[in-house]
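The next block holds one structure in the form of structure tokens; read it before the comments.
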Amino acid sequence: MDRNYCTGDYPLLRNDLTDKLTQIATILEHDIATLEQNDIQILNDIEEITKGLSELESITSTYFLNCLLTEYTDYSKEISRSIHKMSLKGQQALIVLEKNDPVAPLVKDGTPINAKISSQLIESIFHPESQLSHGAVLIQSGMVVSASNVLPVSNQIFWDRFFDIRELSALGLSELCDALILLISKDKSTLFCLNGNMFPFSTSSP
């Protein structure tokens with residue numbers, strides 16, 4: 001399931017990546033050139049580089065997520081639109097997109113939906129007053145197959161941060177199959193999981 005590339009062409013995101021990398025490289029080159037001067041400015045530069053790397057992670061993850069979505073479904077824009085709207089409202093969500101490995105044997109207690117993907121449908125499922133809002137939505141190609149699915153929880157031990165049950169579930173399933181899992185956490189963070197790894201991404205209106 002390991003991979004080091006994805007298909008797609010997103011020039012605006014690619015330009016953002018280039019600009020951010022160039023900014024960081026310029027700061028690093030200046031600091032290297034003036035290192036022997038013991039310039040205290042390097043402390044501010046380190047803070048700026050750290051912030052830039054965090055932004056770079058989000059930009060890069062967004063770029064690759066957009067690439068990946070087109071490999072999992074033809075309804076990537078509908079899914080992106082729903083993620084954008086739900087994150088603005090602070091709605092939690094957990095969305096599983098199946099690829100080659102069957103997901104059904106790995107999840108349980110799902111409620112059948114079997115409806116065509118739409119932003120409105122996904123948003124209604126994860127509305128706080130919906131009985132289906134807890135658990136994960138399972139998507140196969142162009143269909144929302146089921147909702148309120150319970151996913152396997154990761155056994156990984158994390159020392160750097162606390163993961164809630166949705167995050168551990170997203171990681172857990174991604175460790176067992178090639179599904180792409182999208183997550184809006186309780187603090188409104190937007191994340192995706194693939195191959196047992198979790199990445200932040202930023203949302204924008206499609």
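The values are calculated or read from the model by the stated rules, or taken from the named source; none is laboratory data. Everything numeric here is computed off the predicted structure, so don't read it as measured data. Reconstructed Cβ throughout: ideal geometry from the backbone, glycine too, with neighbour counts over all protein chains shown. Just the protein is used for accessible areas: all its heavy atoms, side chains included, with ligands, DNA and RNA removed. Shrake-Rupley method; radii C 1.70, N 1.55, O 1.52, S 1.80 Å.
Quick look at the values:
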| read-out | value |
| --- | --- |
| Residues S54 and M143, FRET efficiency given R0 of 35 Å [Cβ-Cβ distance, rounded to 0.05] | 0.45 |
| Label-point separation, S202 to T18 (7 Å along Cα→Cβ), nm | 1.8 nm |
| The range 66-129 shape via C-alpha gyration tensor axes, a/c threshold 1.5 | oblate |
| The chain - percent relative contact order, Cα under 8 Å, separation 6 or more | 23 percent |
| Signed unit charges on C-beta, dipole axis of the chain, positive-most listed residue V96, L194, I46 | V96 |
| Sum of -39500 (n - 2.57) over DSSP H runs of 4+, divided by residues of the chain (222 nm, nearest 500) | -14000 deg cm²/dmol |
| Theoretical FRET efficiency, 1/(1+(r/R0)^6), r = Cβ-Cβ of I40 and S118, R0 41 Å, to 0.05 | 0.15 |
| Cα centre as origin, Lys/Arg/Asp/Glu Cβ charges: the chain dipole, Debye | 1040 debye |
| Global geometry of the chain, whether rounded, prolate or oblate, following the gyration tensor of its Cα atoms and the 1.5 cut on a/c | prolate |
| Within the range 89-206: Cβ-based charge dipole about Cα centre, in debye rounded to nearest 20 (Lys, Arg +1; Asp, Glu -1) | 200 debye |
| DSSP H segments from the chain that extend 15 Å or more along their own axis, Cα-based, with Kyte-Doolittle mean of -1.0 or above | 11-33, 41-72, 76-89 |
| Surface accessible to a 1.4 Å probe, L168 within the full protein complex, Å² | 40 Å² |
| The chain - accessible surface per residue (Å², probe 1.4 Å) | 56 Å² |
| Proximal lysines relative to K89, as straight alpha-carbon distance under 27 Å, when same-chain residues fewer than 8 apart are discounted | K51, K77, K116, K186, K188 |
| Efficiency of FRET from Cβ geometry, E129 and H30, R₀ 35 Å, rounded to 0.05 | 0.05 |
| Pairwise label distance in nanometres, D109 with K186, each label 7 Å out on the Cα-Cβ vector | 1.7 nm |
| Accessible surface of the chain, 1.4 Å probe, proportion on carbon and sulfur as whole % | 54 percent |
| Residues with amide H under 5 Å from that of F201, placed H, sequence gap 5 or more | T190, L191, F192 |
| Shape of the range 79-163, Cα gyration tensor, a/c cut at 1.5 | oblate |
